[in-house]
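Novice: Here's a structure for you.
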Amino acid sequence: MAADPAQDPYAYAPAVLVNHVRDGWRRPIREYATAEPPDRPESTGVAGEVNRRRWPADALALLTPRERMVIVLRHYFDLTEVVVAEELGVTVGAVKSTNARALQKLRSRIGEPALKGGLT
């Protein structure tokens with residue numbers, strides 16, 4: 001009688017190999033690797049707009065390097081103001097004011113036609 005794979009760890013590996021071969025016989029994989037990835041349907045809705053317009057990256061390009069660092073660390077990486085201040089070597093107050101100023105710039109620019117239609 002064969003050893004139970006649940007009770008004998010050394011019986012587990014051969015059982016996995018046998019099951020893998022049996023699965024290959026039952027339903028062979030019909031997927032072949034290609035050099036080019038398959039075409040994907042174009043996204044719709046907000047996600048499609050973001051992908052087509054790339055406006056978030058373009059909007060961040062309008063900020064100063066320090067404002068960009070604060071926005072990305074604070075909102076993209078979801079770090080606290082204290083951690084951002086430590087990372088950048090500034091005070092927490094500087095992080096708060098830079099964040100507020102950068103967000104205000106982004107809010108005012110989003111309403112502009114150049115940003116809404118995608119910057120070039």
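Novice: Give the stretch 58-73 a look and list any residue that's among the acidic types (Asp, Glu) and at pLDDT 90 or above, or say none.
Specialist: Within the stretch 58-73, GLU67 is the sole residue that qualifies.
Novice: What's the total number of residues in the stretch 66-89 that are exposed (fewer than 15 other Cβ atoms within 10 Å of the Cβ) and not in a helix (DSSP H, G or I)?
Specialist: 4
The values are calculated or read from the model by the stated rules, or taken from the named source; none is laboratory data. Since the structure is predicted, the reported quantities are computational estimates derived from the model, not experimental observations. Positions of Cβ are generated from backbone atoms using ideal geometry, with glycine treated the same way; all protein chains shown enter the neighbour counts.
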